[in-house]
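Here's the structure, in structure tokens; my notes come after.
The values are calculated or read from the model by the stated rules, or taken from the named source; none is laboratory data. Because the structure is a prediction, the values reported are computed rather than measured. Here the Cβ positions follow ideal geometry from the backbone for every residue, glycine too, while neighbour counts run over all protein chains shown.
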Amino acid sequence: MSGPTTCGAEPTRQTRSTAPLGMRRCGYGSASRPICWTQIEEARSRSAGAGARSTWLCASAAGAGKSSPVIWPVCRARRAAARRTPGLFKSGPRVRPYGSGMADSMSASATMQSELWSTDPLAWAQSAEGRIRPLYDDVLDRLRLAPATRLLDAGCGAGLFAELAARAGAEVTGLDAASGLIEYARGRRPEATYVVGELQRMPFDDDAFDVVTAFNSVVYAADPRRAIAEIARLTAPSGRAVLTVGAGPEQAESAALINPLARRGDVPDSSTLDLADADATRDALLDAGFTTVTTADIAFDVHFDDVDDAIAAQVPAGPVTAAIRHSGRAAVEAALQSFFAARTRPDGTVRMGLVFRSYVATRREARS
Ligand SMILES: C[S@@+](CC[C@H](N)C(=O)[O-])C[C@H]1O[C@@H](n2cnc3c(N)ncnc32)[C@H](O)[C@@H]1O
């Protein structure tokens, strides 16, 4: 695999650029280390509006010892990991810097999703993400990853699946619109490559990955067909892609309560492509260049200590955040209370049944 390493190196120069925000370079990087540029962009988007424009200049963080609250912990974690395990930072995929700044490269919808999913990364990671571990385990079993498989998790969230795939031996890259979740994922596995980006325009070369996974993320793309076309572009000949989407009656019931409380456009809209429709999604995958598509439903229950615990696990999710913003917390909590009351057992614990429809698609051997 070719391409630059990401932030394993010591900084080489200090930059206090007066260039426009999107053109600034991190002290770790240059045009040839665009991942650092991406980190700058993440920091920029986080500090936007906070009047903290200078704090995200990475060079000042490391070179002069003036810590940047945003970038420094990330880079420090990577350097510490590299010291512990020399050679840890293998070259990752080439990350092509977005044009003149993330705002120019992310769709309005992705920018909105980024905000909605970044409100409480810790809560998402600790109270929601781990509950769908049976889905990840099922997919990992079916993928049987060979060592050093180049795997992209597109819409990786807080990075649990990426972490499991890395433990299984894959060379992992994660992409997500939500900078807060990407930061959490990086902290979890500093040696992996993580990028803030848009599913419909991912900053990697054609055929860059042997496996591309997208767990419950493509449904949030403004145009899921474009996201699928991107996934196909990045999947190497004979490589595989896995898409999943929530498709159970209880998930549908919950969405029917929550989504109307949010602004239209902030929650998934299945009018372009209903990913739970197996025939339509199969056709979309075949149109994008995959040759075989296998569909399977993965069903399991999730359990909560009580209704409050169940509600707390929903709040960090994008659609619930969108509903709270639009209709207020009380209205959303009332809807969730009624939803979970019907699933509460005599001992006060709550059970919810989940079904995820999964599509495993294989690319043809060579591009025509
Ligand atoms: C339901 S979460 C799934 C996260 C993760 N795959 C998991 O299984 O926990 C959806 C993810 O898609 C991301 N997302 C939504 N729209 C996106 C877009 N247009 N580009 C990139 N990521 C997007 C969100 O930020 C969020 O992390």
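What to note about this one:
- Sole residue being surrounded by fewer than 22 Cβ atoms within 10 Å (Cβ to Cβ), in a helix (DSSP H, G or I) and of a type outside the set (Asp, Glu), chosen from Leu145, Leu181, Leu140: Leu140
- Positions within the range 258-275 being surrounded by fewer than 16 Cβ atoms within 10 Å (Cβ to Cβ) and assigned to a loop (DSSP other than H, G, I, E, B), in sequence order: Arg263, Arg264, Gly265, Ser270, Ser271, Thr272
- Just so you know, in the range 184-194 the residues that are of a type in the set (Gly, Ala, Ser) and part of a helix (DSSP H, G or I) include one that is surrounded by the fewest Cβ atoms within 10 Å (Cβ to Cβ), and it is Gly187.
- Test result for Ala123, outside any strand (DSSP E or B), away from the ligand (no atom under 11 Å from the Cβ) and touching a Pro at 6+ places or on another chain (Cβ under 6 Å): yes
- Single residue of the range 136-195 satisfying the filter (away from the ligand (no atom under 13 Å from the Cβ) and basic (Lys, Arg)) that is farthest from Leu116 (Cα to Cα): Arg144
- Index of the failed condition, Arg351 passing every other in (1) closer than 24 Å to Pro237 by Cα; (2) assigned to a strand (DSSP E or B): (1)
- Residue within the range 248-257 that is touching an Asp or Glu at 6+ places or on another chain (Cβ under 7 Å), within 16 Å of the ligand (Cβ to nearest atom) and in contact (Cβ under 8 Å) with a residue 60 or more places away in the chain present: no
- Index of the failed condition, Glu129 passing every other in (1) among the charged types (D, E, K, R); (2) more than 9 Å from the ligand (Cβ to nearest atom); (3) farther than 24 Å from Pro203 by Cα: (2)
- Residue match in the range 105-118 (condition: away from the ligand (no atom under 11 Å from the Cβ) and either over 17 Å from Val219 (Cα atoms) or in a strand (DSSP E or B) (or both)): no
- Where a residue in the range 276-287 is under 18 Å from Gly246 (Cβ atoms) and its partner, wherever it lies, is of a type in the set (Lys, Arg), with Cβ under 7 Å and at least six apart: Ala276/Arg357; Ala278/Arg357; Ala284/Arg225
- Cβ separations smaller than 6 Å between residues 6+ apart or across chains give the following pairs from the range 201-229 residues that are closer than 22 Å to Leu140 by Cβ and assigned by TED's automatic domain parsing to the domain that holds Arg133 to residues that are of a type in the set (S, T, N, Q) and surrounded by 24 or more Cβ atoms within 10 Å (Cβ to Cβ): Val212/Thr235; Phe215/Thr244; Asn216/Thr244.
- Exclusive hit being on the phi > 0 side of the Ramachandran plot and touching a helix residue (DSSP H, G or I) at 6+ places or on another chain (Cβ under 9 Å), set Gly353, Gly289: Gly289
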